[in-house]
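Novice: The structure under discussion is supplied below as structure tokens; questions concerning it will follow.
Please treat every number below as a calculation from the coordinates, not as lab data. Worth saying up front: this structure is predicted, and the values here are computed from it rather than measured. Methodologically, a virtual Cβ is constructed for each residue, glycine included, from the backbone with ideal geometry; neighbour enumeration extends over all protein chains shown.
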Amino acid sequence: MDDFILRALLAGVAVAIVAGPLGAFVVWRRMAYFGGALSHTALLGVALGFLIGVEPAVGVTLVVVVAAVLLGGLQNIRGLSLDTLLGIVAHAALALGLIIASTLDSVRIDLMAYLFGDILSVGWGDVIWIWGATVLIVAVLMKLWHGLLNATVHSDLAAVEGTNVRQMDVMFMVVLALVVALSMQVVGILLVTALLIIPASGARAWSKTPETMAVLAAGIGVIAVGAGLWSSYQYDMPAGPSIVVCTTAVFVLSLLKLPRV
Amino acid sequence: MADDNQLITAQGVEVAFGDNVVLSGANVNVRKGEIVTLIGPNGAGKTTLVRVMLGLMKPTTGTVWRKPGLRVGYMPQRLSIDPALPITVKRFLRLGVPEKVTTNACMQVLEETGAIDILNNPMQSISGGELQRVLLARALLRQPELLVLDEPVQGVDITGQADLYRLIQSIRQNRQVGVVMVSHDLHVVMAQTDHVVCLNQHVCCAGHPSQVSRHPEFVALFGDEVASTLAVYAHDHDHQHGLDGHVHGEHCDHG
């Protein structure tokens, strides 16, 4: 196996492992558009990262975390619905990111790589930071699992029962921001939401508990990364989109199993 | 605070959102083994008062005293779990307690609330009446001293409602818990409650059901006919209302 394929596989598998359970929460909390909006702000992070001279991954993580907390606050605004606010933040950040990127004379940012992912070009350094972040996220998720799930089912009930709901919401958004920054490297800004919600939705049909759904989603993601990279290698297809198409194939298969109205 | 039987006391609770006062001067006191019911029209501040008492929301002014270490079982007004979240009744019950809960304990509370058959059913497939019983079971699983029930018979048919109220009665009897209940069903309230607090953005009247049902504000809120079928006892009242519900007291120089 070529070295670059091995690195891509390692990075992709790690991202799929965290995107599965996080995606399950995104689906349960009906936050698919939230995830989409967050990923759009990532380009601003890339541009700002180049501007102030830090690693794009660092810039992305910071900007997405800030955007997540900001969006969390915007949820309380009356008079405009959340989907409108999400659209505004997402596209304003995307536009701002494109402008800043265009003003950078010293570097030429490969926009296509960020928008559609460039998993075949990840280096060993990337693989290490992706796995480090993955281990951290899995540990945090396992620690918060009960409270996070309780707050997802009914926030008031959870609060009365002693769950710190505000803390759970903030932690969830921070972790989600991290996962977006990770996923961006694999499938690109425009397809991050796909990696979050499609494996989780595909896992629904075979799940009777929240935990099985989270684990199955991770499993579907891992299989899709493998299959996507293989087809990319074999037929010279773009890697990120191939991975997304593979998760979608599993999702379509799961439709046969889901009950109908 | 007074004796051991005192569970929770709300005093002079006022809640305002900006200039909009949604609740003022609310006093509620619940003792062990006592059922206190909050009644009043939509928008009267019943749920607001419940949220303040649960500590979910801070009052603008006023205080809430809780017995130290008070264990509260809460039954929210609405519960809608996204269909994408696979969760059985058993798993849902277990979420209510941080420690591991045995299947046996889950079965016991479901037995008590009469919903033992649905232990392993998905939450989204159970009926409205079953959901209320499951919510009640989850509240009981915490071994509460105080039960807070926000419209416990919502989404339940007429015969089911009577059953549920009987169930709440028997839980009060067997467990000697205090109960705060928000309700619309005046007949049941009058028959099964120790203390009624009638709200219309402030406390209209409060007391034993038989007193409250003759109160002029109660009559104004719910109509003469309702009141007369419920009333057995009259008492004096100390204020009247403007059309907007505000109080005409002795310092009022209009109307």
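Novice: Considering only C-alpha atoms, what is the centroid distance from region B:103-165 to region A:193-242, in Å?
Specialist: 38 Å
Novice: Here is a follow-up. For B:Ile35, enumerate residues with amide H under 5 Å from its amide H, sequence gap 5+ or separate chain, H modeled in the peptide plane.
Specialist: B:Val179, B:Asp194, B:His195
Novice: Add -39500 (n - 2.57) for each DSSP H run of 4 or more in chain A, then divide by its residues: what number comes out at 222 nm, to the nearest 500 deg cm²/dmol?
Specialist: -27500 deg cm²/dmol
Novice: Could you work out which residue, out of A:Gly59, A:Gly79, A:Gly221, moves most in a Gaussian network model of chain A, that is, has the largest mean-square fluctuation with Cα springs under 10 Å?
Specialist: A:Gly79
Novice: Could you go through region B:142-148 in sequence order and give the Karplus-derived ³J(HN,Hα) for each residue, using 6.51 cos²θ - 1.76 cosθ + 1.60 with θ = phi - 60°, rounded to whole Hz, and x for Gly and Pro?
Specialist: Values per residue, Gly and Pro as x: 8, 6, x, 9, 10, 9, 10 Hz.
Novice: Separate question: Taking θ as phi - 60°, what are the ³J(HN,Hα) couplings along region A:137-150 by the Karplus curve (6.51, -1.76, 1.60), each to the nearest whole Hz, with x for Gly and Pro?
Specialist: 5, 4, 5, 4, 4, 5, 5, 8, 3, 4, x, 5, 5, 4
Novice: Let me ask something additional. Obtain the nm distance between the two label points defined at A:Asn76 and A:Thr209 by a simple spin-label model: each point lies 7 Å from its Cα along the Cα-to-C-beta direction.
Specialist: About 3.6 nm separates the two model spin labels.
Novice: Further, regarding this structure: Using alpha-carbon pairs under 8 Å, 6+ residues apart, how would you state the relative contact order of chain A in percent?
Specialist: Rounded, it is 32 percent for chain A.
Novice: Moving on. Give me the orientation-averaged projected area of the Cα convex hull of chain A, in nm², one decimal.
Specialist: The directionally averaged projection comes out at 15.2 nm².
Novice: Remind me, what semi-axes does region A:159-230 give for its equivalent ellipsoid, largest first in whole Å, using sqrt of 5 times each Cα gyration tensor eigenvalue?
Specialist: Rounded to whole Å, the semi-axes are 26, 18, 8.
Novice: Specify the residue with the greatest mean-square fluctuation among A:Thr247, A:Thr163, A:Thr41, computed from a Gaussian network of chain A linking alpha-carbon atoms under 10 Å apart.
Specialist: Ranking A:Thr247, A:Thr163, A:Thr41 by mean-square fluctuation puts A:Thr163 first.
Novice: Within the set A:Lys208/B:Lys32; B:Lys67/B:Lys90; A:Lys208/B:Lys58; A:Lys143/B:Lys32, which residue pairs have Cα atoms separated by over 32 Å?
Specialist: Beyond 32 Å between Cα atoms: A:Lys208/B:Lys32; A:Lys208/B:Lys58; A:Lys143/B:Lys32.
Novice: State the volume of the convex hull built on the alpha-carbon positions of region B:79-143, expressed per residue in Å³ and rounded to an integer.
Specialist: With only Cα atoms used, region B:79-143 gives 79 Å³ per residue.
Novice: Separation between the A:Tyr235 and A:Ile128 pseudo-spin-labels, each 7 Å from Cα along Cα→Cβ, expressed in nm?
Specialist: Inter-label distance under the simple model: 3.7 nm.
Novice: Something else about it: Over all directions, how big on average is the projection of the convex hull of the alpha-carbon atoms in region A:140-261, in square nanometres?
Specialist: If I average the Cα hull's projected area over directions, I get 8.9 nm².
Novice: Here is a further query. Let me know the mean shielding of B:72-85 by other chains, meaning the per-residue number of their Cβ atoms within 10 Å of its Cβ.
Specialist: 5
Novice: Based solely on C-alpha atoms, express the radius of gyration and the Dmax of the protein assembly as shown in angstrom.
Specialist: 27.9, 92
Novice: Using only alpha carbon pairs under 8 Å that are at least six residues apart, calculate the relative contact order of region B:1-152 and give it in whole percent.
Specialist: With pairs under 8 Å counted, the relative contact order is 27 percent.
Novice: For region B:1-76, take the alpha-carbon Rg, divide it by the Kirkwood Rh, and send me Rg/Rh.
Specialist: Rg/Rh: 0.96.
Novice: Considering just Cα atoms, how many Å³ per residue does the convex hull of region A:73-162 enclose?
Specialist: In region A:73-162, the Cα hull volume divided by residue count equals 177 Å³.
Novice: Same structure again: Give the percent of DSSP beta bridges with both residues in the protein assembly as shown that are antiparallel, rounded to the nearest 5.
Specialist: Taking every DSSP beta bridge with both residues in the protein assembly as shown, the antiparallel ones total about 55 percent.
Novice: Based on the Cβ-Cβ distance from A:Leu51 to A:Asp2, what FRET efficiency comes out when R0 is 35 Å, to the nearest 0.05?
Specialist: Efficiency, rounded to the nearest 0.05: 0.55.
Novice: Which whole-Hz ³J(HN,Hα) couplings does region A:191-202 yield from phi under the Karplus relation 6.51 cos²θ - 1.76 cosθ + 1.60, θ = phi - 60°, glycine and proline marked x?
Specialist: Ordered by residue, 3J(HN,Hα) equals 10, 4, 4, 4, 5, 7, 8, 6, x, 5, 5, x Hz.
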